[in-house]
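Okay, so here's the structure we're looking at.
Readers should treat all values here as calculations from the given coordinates under stated rules, not as data from a laboratory. The shown structure was predicted, so the numbers you read here are calculated from the model rather than taken from an experiment. Using ideal geometry, Cβ is built from the backbone for each residue, glycine included, and neighbour counts are taken over all protein chains shown.
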Amino acid sequence: MKCLAEVVLYPELLGSNGHMQEVQLYIKFIENKSVELTLVTETNTYNKTSFSYIDCLLQIMLQISTDVQLNFNNKVRIQQENRNSIQTIVEIISVVYDHSDEEYYLKFHLSTRAPSGKTICESSGQEDFTIPLQLLKNQMKAEYNICAFCENADFMSTGNEDLRYGWYCLRELSEREKDIPWFKRVEEFHNAIPYVNAFHWCPQFKRSDRSFI
């Protein structure tokens, strides 16, 4: 199938035995709204194709062990008390089991830390990435210059939407109908830039008043 976009990341994998290693995570967005993930560790390669980044990552982590976690460092430009700075947001992804519906989900833990390593702000959420993202933003009392809070970004609320790597950038559209539901303007998404990282930034960033909670 045709590759529409690809990303390579270098997170750290913490094993159930306490061993930490740097790994390669290859994300390939392909036709038919599918995503292929390949995770390369010191000893194995894991591969999965599914309908979203989040589902692929969940399946790969379950292949390794329910006790592993992936650690990412995300650089984000923020505005706080009228000052701009680059902040590292630590993203820790683990697997949790929900006994109420007998299903496994991804848990996102986000935090910011002082130079000493001490945690300043932190938040957690299951399955929906934007909940801990909004909670962290509220704690920091800051504005984030990222796709998830950009006027040009949007998503189709289908129930299977991926709000980690499934944003659409509509910056190249000359005309938009922002005041009608997404399902009445599907053509906009067909002409948008797909598979955008929630933490992505571009020079055409325009801050929105979007809130997820």
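Residues that are in contact (Cβ under 8 Å) with a residue 12 or more places away in the chain and among the polar types (S, T, N, Q) were ranked within region 1-43; the one that is nearest to Val95 (Cα to Cα) is Ser16. How many residues are free of Cβ contacts under 8 Å to residues at least 40 places away in the same chain and closer than 20 Å to Thr130 by Cβ when one looks only at region 172-201? Of the residues in region 172-201, 7 are free of Cβ contacts under 8 Å to residues at least 40 places away in the same chain and closer than 20 Å to Thr130 by Cβ.
Being closer than 28 Å to Ile64 by Cβ and either in contact with a helix residue (DSSP H, G or I) (Cβ under 6 Å, 6 or more places away or on another chain) or touching a residue at least 60 places away in the same chain (Cβ under 8 Å) (or both): is that true of Ile131 here?
Yes, satisfied.
How many residues, within region 44-53, are touching a residue at least 60 places away in the same chain (Cβ under 8 Å) and either assigned to a loop (DSSP other than H, G, I, E, B) or out of contact with any strand residue (DSSP E or B) (no Cβ under 6 Å at 6 or more places or on another chain) (or both)?
Restricting attention to region 44-53, the residues satisfying the condition of being touching a residue at least 60 places away in the same chain (Cβ under 8 Å) are 51-53.
Imposing the further condition that a residue be either assigned to a loop (DSSP other than H, G, I, E, B) or out of contact with any strand residue (DSSP E or B) (no Cβ under 6 Å at 6 or more places or on another chain) (or both) reduces the set to 51-52.
Result for region 44-53: 2.
Annotation note: Cβ proximity below 8 Å between a residue of region 75-88 that is under 15 Å from Arg113 (Cα atoms) and a residue that is basic (Lys, Arg) and part of a strand (DSSP E or B) (sequence gap 6+ or interchain) occurs for Ser85/Arg77; Ile86/Lys75; Ile86/Arg77; Gln87/Lys75; Gln87/Arg77; Thr88/Lys75; Thr88/Arg113.
Can we say Tyr195 is under 13 Å from the mean Cα position of the chain (by Cα), of a type outside the set (Gly, Ala, Ser) and assigned to a strand (DSSP E or B)? Yes; evaluated as a whole, the condition is true for this residue.
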